[in-house]
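J.: Input: one structure, supplied below.
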Amino acid sequence: MTTPATGSPSGQRSLGVGVVGIGWMGHAHTRAHVRLPHHFPDLPTRSRLVAVADPEPGRARAAARQYGFARATQRWQDLTEAPEIQAVSITTPNYLHREIGVAAAGAGKHLWIEKPVGLLAQDARQVGAAAARAGVQCAVGFNYRNAPAVAAARDLLEGGQLGTVTHARVRLLSDYAAHPQGALSWRFERERGGSGVLGDLASHGVDLARYLLGDIDAVVADTAVFIPRRPQPTGAGSHFELAVGGEPGPVQNEDYLGCLLRLASGARVTLEASRVSVAEQCAYGFEVHATKGALFWDFRRMGELGVSVGDQYQNQSVSTVFARPGHGEFAAFAPGAGIALSYDDLKVIEAARFVRSIADARPYGATIDDAVNSALALDAMAESVRTGGWVEVAR
Ligand SMILES: NC(=O)c1ccc[n+]([C@@H]2O[C@H](COP(=O)([O-])OP(=O)(O)OC[C@H]3O[C@@H](n4cnc5c(N)ncnc54)[C@H](O)[C@@H]3O)[C@@H](O)[C@H]2O)c1
């Protein structure tokens, strides 16, 4: 049971928020709710931090002190059962997304849930079905599509000036697990993480490809494990931490993905993702080639979009367009082009869309359907690795 949002001194109604899992993403979701009134003062509701849950001793209490949650608990069920919570962030390891998502939706809570939403597409589908049954909104953490320059890229593609997209490259290369002493966290286990770099990074790449270029028809993929054993962590640490001297254990999922995608439009895409690329730090981005132009974007220069457009075909130059008011939600953060936004700002945009979708009872931004479609493409990639051939992506 959920009680309706109540009034607040700002005149906005208040939206009771709970956060389940207060690691990196739990903090990012919480900060985003806190910052909403700074950037989106006209939202119909103001987020009120009701409760935070995390089983690691002291974590939830520390977050309650830091952000002002009214309550801290080690049990996520305390949040799904709380009538004064209307919206729940699910920012736990992947294996818990389905159980918590289905329970929270069943209790009438709106969900803001992290990608990849479970271990397999069937998990995301179950969360989607529970949300649909309950009539609640379900936003998903595909934050890279929220970058204003990515919104500008989509506008340009939809405007048609570039002609027809022929092919694209999407890459998500990282070194977060490149150190052989990197801790064997839940991310490297089938049971708690599911797939490896597929769910962790390629899920974002699939979402970017779908957001910019449309549906995926078929994939052929190859994966590899380059660091087969890692030390067990000595305490609860993040996937960025080393566990030098820890007892070695097996890595159960892939470090690397190379994949070709055939899109429904006829365009071809190469998608590469790695968590073990020395010297690549958040090298996330895309290059889109079309019959009359091209687009280039790199997350590390998030506000810059490389644009080549014209009718020269050969020797056509590329300009840098700086994100500016009018591109996505840029204007909520800065008044003029070239002022840098951050990763956390992408989460503020996601939170604003989620909160607005609750107020308007219609989705804005990435939804559980996007997560299901991304997961179906990832499942098809895993199947392709098993069979060695092209696999059609279910829809
Ligand atoms: N959108 C993005 O860019 C992005 C980035 C990082 C992670 N993620 C996703 O966010 C999720 C969390 O990743 P993270 O990096 O924050 O992980 P993390 O390990 O930093 O945090 C996970 C937290 O969940 C807690 N937890 C474990 N079991 C729990 C339970 N039963 N109830 C409540 N809390 C529990 C852990 O104690 C930990 O504090 C994953 O699904 C991951 O794929 C998304």
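J.: Using amide H atoms built in the peptide plane, which far-off residues or other-chain residues are under 5 Å from T367 H to H?
T.: For T367, whose amide H was placed from the backbone, the distant partners under 5 Å are V140.
J.: Turning to a different aspect of this structure: Is the shape of the chain best called rounded, prolate or oblate, per the rule: a/c under 1.5 gives rounded, else a/b larger than b/c gives prolate, else oblate, with a ≥ b ≥ c the square roots of the Cα gyration tensor eigenvalues?
T.: On the way: a/c = 1.64, a/b = 1.18, b/c = 1.39.
Judged from the Cα gyration tensor, the chain comes out oblate (a/c at least 1.5, b/c at or above a/b).
J.: Run the quick spin-label model on Q232 and D215: label points 7 Å from Cα toward the beta carbon, then report their separation in nm to one decimal.
T.: A separation of 4.7 nm, rounded to one decimal place.
J.: Still on this structure, please answer the following. Kindly state, to the nearest 0.05, the FRET efficiency for Q314 paired with V244, given R0 = 56 Å and r defined as their beta-carbon distance. Walk me through the intermediate numbers first.
T.: Values: r = 53 Å, r/R0 = 0.95.
That gives a FRET efficiency of 0.55.
J.: Hey, another quick one. Can you give the calculated 222 nm mean residue ellipticity of the chain, where each DSSP H run of n ≥ 4 adds -39,500 (n - 2.57) and the sum is split over every residue, rounded to the nearest 500 deg cm²/dmol? Display every interim value, and only then the final one.
T.: Values: 10 runs with 118 residues, N = 395.
Helix-only estimate at 222 nm: -9000 deg cm²/dmol.
J.: Further question on the same structure: Using the crude model of +1 on Lys and Arg Cβ and -1 on Asp and Glu Cβ, and no other charge, please compute the dipole size for the chain relative to its Cα centre, in debye to 20. All intermediate terms of the calculation are to be shown ahead of the outcome.
T.: Details: 38 positive and 39 negative charges, 164 e Å.
It works out to roughly 780 debye.
J.: Test of understanding: in a Gaussian network model of the chain with alpha carbons linked when under 10 Å, which of D344, D369, D311 would top the mean-square fluctuation ranking?
T.: Between D344, D369, D311, it is D311 that shows the largest mean-square fluctuation.
J.: Along Cα→Cβ, 7 Å out, is where each label goes; now give me the distance between the ones at Y364 and C282 in nm to one decimal.
T.: 2.5
J.: With a 10 Å Cβ neighbour count serving as the proxy for reagent exposure, in which order, fewest first, do L376, L346 appear?
T.: Numbers: L376 20, L346 25.
So the residues, fewest neighbours to most, are L376, L346.
J.: To check you understand DSSP bridge types, tell me what percent of the beta bridges within the chain (both residues inside) are antiparallel, rounded to 5. Mind showing how you got there, number by number?
T.: Numbers: 46 of 75 bridges.
That works out to approximately 60 percent antiparallel.
J.: May I ask you to evaluate 6.51 cos²θ - 1.76 cosθ + 1.60, the Karplus curve with θ = phi - 60°, for each residue of segment 288-297 and list the ³J(HN,Hα) values in order in whole Hz, giving x for glycine and proline?
T.: 10, 10, 10, 5, 10, x, 7, 10, 9, 9
J.: Once the piece of chain linking Y343 and T166 is laid out straight, how much longer is it, given 0.36 nm per residue of separation minus the C-alpha distance between them? Mind showing how you got there, number by number?
T.: Values: separation 177, 0.36 × 177 = 63.72 nm, distance 2.98 nm.
In short, 60.7 nm is gained.
J.: Hand me the chymotrypsin sites (Phe, Trp or Tyr not before Pro) from segment 239-312 located in a DSSP loop with no more than 15 other Cβ atoms within 10 Å, in residue order please.
T.: On the way: sites: F240, Y256, Y284, F286, F296, W297, F299; in loops: F240.
Here the chymotrypsin sites (Phe, Trp or Tyr not before Pro) that fit, given the DSSP loop and packing criteria, are F240.
J.: A follow-up question, please. Under the 0.36 nm per residue contour assumption, what length would be gained going from the current alpha-carbon distance of A331 and R192 to full extension?
T.: Numbers: separation 139, 0.36 × 139 = 50.04 nm, distance 3.91 nm.
Value of the extension gain: 46.1 nm.
J.: Along the principal axes of its C-alpha atoms, what lengths does segment 6-143 span, in descending order and rounded to whole Å?
T.: So the three principal-axis extents are 42, 34, 28 Å.
J.: To continue, here is another question. What is the extension gain from E383 to Y67, computed as 0.36 nm multiplied by their sequence separation minus the C-alpha to C-alpha distance, in nm to one decimal?
T.: Numbers: separation 316, 0.36 × 316 = 113.76 nm, distance 4.31 nm.
In short, 109.5 nm is gained.
J.: Give me the percent relative contact order of the chain, please, defined on Cα pairs under 8 angstrom at least 6 residues apart. Display every interim value, and only then the final one.
T.: Working: 952 pairs, mean separation 75.6, N = 395.
It rounds to 19 percent for the chain.
J.: Another question, if that's okay. Check E280: other-chain or 5+ apart residues with amide H under 5 Å from its amide H, H built from backbone geometry?
T.: D175
J.: Still on this structure, please answer the following. State, as an integer percentage, the relative contact order of segment 6-143 based on alpha-carbon contacts under 8 Å between residues 6 or more apart. It would help to have the intermediate numbers written out before the result.
T.: Values: 273 pairs, mean separation 29.8, N = 138.
Relative contact order for segment 6-143 comes out at 22 percent.
Since every read-out is calculated from the coordinates, none of them should be taken as a lab result. Keep in mind the model is a prediction, meaning the values are calculated, not measured. Positions of Cβ are backbone-derived with ideal geometry, glycine not excepted, and every protein chain shown enters the neighbour counts.
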